[in-house]
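Undergrad: Have a look at the structure that comes next, please.
The values are calculated or read from the model by the stated rules, or taken from the named source; none is laboratory data. Given the structure is predicted, the values throughout are model-derived calculations rather than measurements. All Cβ positions, even for glycine, are placed from backbone atoms using ideal geometry, and neighbour counts span all protein chains on display. Only protein heavy atoms, including side chains, enter the accessible area calculation; ligands, DNA and RNA are left aside. Shrake-Rupley method; radii C 1.70, N 1.55, O 1.52, S 1.80 Å.
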Amino acid sequence: MSTPSARSPKHLVVLGATGSIGQSAAKVARDIPERVRLVGLSAHRNPEGLAALAREFPDAALCLTDPACATAFPAALRPEGRFFEGEEGLIALATLPEAEMVLIAIVGIGGLRPALAAIEAGKDLAIASKEILVMAGGIVMEAARRKGVRVLPVDSEHNAIFQCLEGRPGGGSEVSRLILTASGGPFRQAPAESLATVTPEQALRHPTWSMGSKITIDSATLFNKGLEMIEARWLFDVPMSRVEVIVHPQSIVHSMVEFVDGSILAQLSHSDMCFPIQYAVTWPERVANTLRPLDFAALGRLEFEAPRADVFPALDLARAAGEAGGTLPAVLNAANEVAVEAFLAGRLRFPGIWETVAATLEAHAPIAQPDLGAIVAADRWARENAAARI
Ligand code: NDP
Ligand code: MG
């Protein structure tokens, strides 16, 4: 019988290795090297960051998706026959023969095609990139079911729910509600009228999590929680009506599941993405690590409050798009990505983010049962439509 310590390390590819999630994945690999070996790493426009990882993990195949940056990558650090470029390079990494699991940690929808390629190649997926599940969750989950591969959630809320469900189906008759927690972001208590003058710098100051800039802005508008409601719908095969949001400013309770007998299970830890990444990689086992344990006496108290849906329309917009389904979630996601980029570049006011998303959704003629082509077309349409409004 094999014991956990006798197991060989899981061979993991990280797409988006230079980002916030990617760096946490590298920390996990450093912390439990007997359980995780990084065999593939990708970056987009950060050759220095990828070079640092390549020095530390010299066995890993590499990909730089931006061709200009790929040219700048030092020849001495290119593993022979295992240095790739462009989107095709991501597919090469996602389907590496030695890979067992692919962590999708690319911001936005750039991870969708590599995720589908990984599934076709029989690799398990760990998904941080919620955008691809919002855009094409039905297609990704159906492909995974067909190929018999696992889709393990990395987003902290969904990882928490996955832990609380302990293998039960989220949409099964024993579960009554999935309760997503939200920090509330930097403007949790801000007067509604003050939001008109919010600067990117203020919106990037997240109270509890250190993350990439796109998701940090999404946390400030609450679109992050809106996207996560739709993400939960696909990951756990539940109707949107059973997914709820509660604001929990300390970000210690990462989410909860309520069962029909009235009991609620929750998962707690510090707000460090190493926890969910490690669980996704070592599941179904729990493995000792060096992460900081919780000290309840030091925490003192945990608070909960209702989200201010009237001030932050993102929640209702996402719920409506998720309930209607079809191409609407893809349109919501694409318009939001364009609007966030414009806000960060100083071309759009903060409330302009949800105004742009709402107007783009309004203008869209939805398709009820879209195939991948129709979803990609809706995504493109929404990007153009939203950009024209800004
Ligand atoms: P970052 O912006 O920190 O990192 C993004 C990564 O993706 C980088 O490695 C970047 O490369 C790469 N990348 C960017 N654009 C492209 C592209 N067009 N093609 C290929 N690669 C690209 O993001 P985060 O790590 O914060 O987030 C990644 C995903 O995980 C997002 O979908 C986010 O919603 C999700 N997530 C993140 C959490 C967090 O704590 N950060 C928590 C839960 C979910 P380079 O650096 O070289 O430009
Ligand atoms: Mg989250």
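Undergrad: How much length would be gained if the chain were fully extended between E305 and S241, taking 0.36 nm per residue of separation minus their Cα-Cα distance, in nm to one decimal? Show your work: numbers first, answer last.
TA: Working: separation 64, 0.36 × 64 = 23.04 nm, distance 1.93 nm.
So the extension gain works out to 21.1 nm.
Undergrad: Lys and Arg at +1, Asp and Glu at -1: add these up for the other residues within a Cβ distance under 12 Å of M141 and post the number.
TA: For residues surrounding M141, the net value is +2.
Undergrad: Under a Cβ-only charge scheme (Lys and Arg +1, Asp and Glu -1), can you give me the dipole magnitude of the chain about the Cα centre, in debye to the nearest 20?
TA: Approximately 440 debye in magnitude.
Undergrad: Quick one: dipole size for region 86-238, taken about the Cα centre, charges +1 on Lys/Arg Cβ and -1 on Asp/Glu Cβ, in debye to the nearest 20.
TA: 240 debye
Undergrad: Taking all protein chains together and a probe of 1.4 Å, list R349, R292 from the most accessible to the least accessible.
TA: Working: R349 120, R292 160 Å².
Reading off the accessible areas and sorting them downward yields R292, R349.
Undergrad: Choose one answer from F304, F275, F162: the residue with the largest mean-square fluctuation in a GNM of the chain with alpha-carbon springs under 10 Å.
TA: F304
Undergrad: Same structure again: Can you sort K130, K27 by solvent-accessible area, 1.4 Å probe, largest first?
TA: These residues rank, largest area first, as K27, K130.
Undergrad: Then there's this: P(r) tail for the chain, what percent of Cα pairs lie past 25 Å?
TA: 55 percent
Undergrad: Continuing with this model, one more query. What is the sum of charges around L50, taking Lys and Arg as +1, Asp and Glu as -1, for the other residues whose C-beta is under 14 Å from the C-beta of L50?
TA: 0
Undergrad: Find the centroid of the Cα atoms in region 186-244 and in region 68-143, then give the distance between the two in whole Å.
TA: Between the Cα centre of region 186-244 and that of region 68-143, the gap is 26 Å.
Undergrad: Can you give the calculated 222 nm mean residue ellipticity of the chain, where each DSSP H run of n ≥ 4 adds -39,500 (n - 2.57) and the sum is split over every residue, rounded to the nearest 500 deg cm²/dmol?
TA: Calculated from helices alone, the mean residue ellipticity at 222 nm is -13000 deg cm²/dmol.
Undergrad: For the pair R150 and R380, how long in nm is the line joining their label points, each one 7 Å along Cα→Cβ?
TA: Computed distance between label sites R150 and R380 equals 3.7 nm.
Undergrad: Toward the positive end of the charge dipole of region 239-349, about the Cα centre and with charges on Cβ (Lys, Arg +1; Asp, Glu -1), which of W283, V260, M240 goes farthest?
TA: The listed residue farthest towards the positive side: W283.
Undergrad: With the crude spin-label approximation of a point 7 Å out along Cα→Cβ, what separation in nm comes out for E88 versus A75?
TA: Once both label points are built, they end up 2.2 nm from each other.
Undergrad: Okay, moving on. Counting only protein heavy atoms and using a 1.4 Å probe, what share of the accessible area of region 228-345 belongs to carbon plus sulfur, as a whole percent?
TA: On the way: 2610 of 4900 Å².
That share works out to 53 percent.
Undergrad: A further question on this structure: What fraction of the DSSP beta bridges in the chain is antiparallel, stated in percent and rounded to the nearest 5?
TA: Bridges in the chain that DSSP calls antiparallel: roughly 30 percent.
Undergrad: Follow-up. Roughly how much of D272 is accessible, in Å² to the nearest 10, using a 1.4 Å probe?
TA: Around 40 Å² of this residue is reachable by solvent.
Undergrad: With a 1.4 Å probe and every protein chain left in place, tell me how much accessible area T208 has, in Å² to the nearest 10.
TA: 40 Å²
Undergrad: Over the chain, with the other protein chains present, what is the accessible area per residue in square angstrom, probe 1.4 angstrom?
TA: Details: 16360 Å² over 390 residues.
Spelled out: the 1.4 Å probe surface of the chain, per residue, equals 42 Å².
Undergrad: Which of the lysines could a cross-linker span from K147 if the Cα-Cα distance has to be under 25 Å and same-chain partners fewer than 8 positions apart are dropped?
TA: Qualifying lysines at Cα under 25 Å: K10, K123, K130.
Undergrad: Let me ask another. For F259 and E285, FRET efficiency with R0 = 22 Å and r from the beta-carbon atoms, rounded to 0.05?
TA: Efficiency at R0 = 22 Å is approximately 0.35.
Undergrad: State the extension gain, in nm to one decimal, for the chain segment bounded by R168 and R292, taking 0.36 nm per residue of separation less the distance between their alpha-carbons. Each step should come with its number before you reach the end.
TA: Details: separation 124, 0.36 × 124 = 44.64 nm, distance 2.89 nm.
Residue separation times 0.36 nm, minus the Cα-Cα distance, leaves 41.7 nm.
Undergrad: Scan region 295-345 for GluC sites (Glu not before Pro) in coil per DSSP, keeping those whose Cβ has at most 14 other Cβ atoms within 10 Å, and list them by number. Intermediate values should be presented prior to the final figure.
TA: Numbers: sites: E303, E305, E323, E337, E341; in loops: E303.
Passing sites in region 295-345 are E303.
Undergrad: While we're looking at this one, here's another question. How far, in nm, would the chain grow between A368 and L204 when pulled straight, counting 0.36 nm per residue and subtracting the alpha carbon separation?
TA: Full extension of this stretch gives 55.5 nm more.
Undergrad: Using a Förster radius of 30 Å, what is the FRET efficiency between R177 and E48 based on their Cβ-Cβ separation? Nearest 0.05, please.
TA: Values: r = 45 Å, r/R0 = 1.51.
Efficiency at R0 = 30 Å is approximately 0.10.
Undergrad: Over the heavy atoms of E355, what accessible area does a 1.4 Å probe trace out, to the nearest 10 Å²?
TA: Here the accessible area works out near 90 Å².
Undergrad: Within a Cβ distance under 13 Å of P67, other residues only, what is the Lys/Arg minus Asp/Glu net charge?
TA: For residues surrounding P67, the net value is -3.
Undergrad: Taking Cα pairs under 8 Å and at least six residues apart, what relative contact order does region 293-390 come out at, in percent?
TA: Taking the mean separation of contacting Cα pairs over the length of region 293-390, I get 33 percent.
Undergrad: Where the only charges are on Cβ atoms (+1 Lys, Arg; -1 Asp, Glu), what is the dipole of region 19-110 about its Cα centre, to the nearest 20 debye?
TA: 220 debye
Undergrad: When only C-alpha pairs under 8 Å and at least 6 residues apart count, what is the relative contact order of region 23-115, in percent?
TA: In percent, rounded to a whole number, it is 23.
Undergrad: Considering the options N159, M141, Q189, tell which one lies farthest towards the positive end of the dipole of the chain, charges being +1 on Lys and Arg and -1 on Asp and Glu at the Cβ, about the Cα centre.
TA: Sorting the options by dipole projection puts first N159.
Undergrad: Under 8 Å for C-alpha pairs, at least 6 residues apart: give me the relative contact order for the chain, rounded to a whole percent.
TA: 15 percent
Undergrad: Working from the pairwise distances between different alpha carbons, so that the mean of 1/r is found and then inverted, what is region 223-378's Kirkwood radius in Å?
TA: 18.1 Å
Undergrad: Along the charge dipole of region 1-106, pointing to its positive end and built from +1/-1 on Cβ of Lys, Arg, Asp and Glu, which listed residue (T65, G86, V36) has its Cα farthest out?
TA: It is V36.
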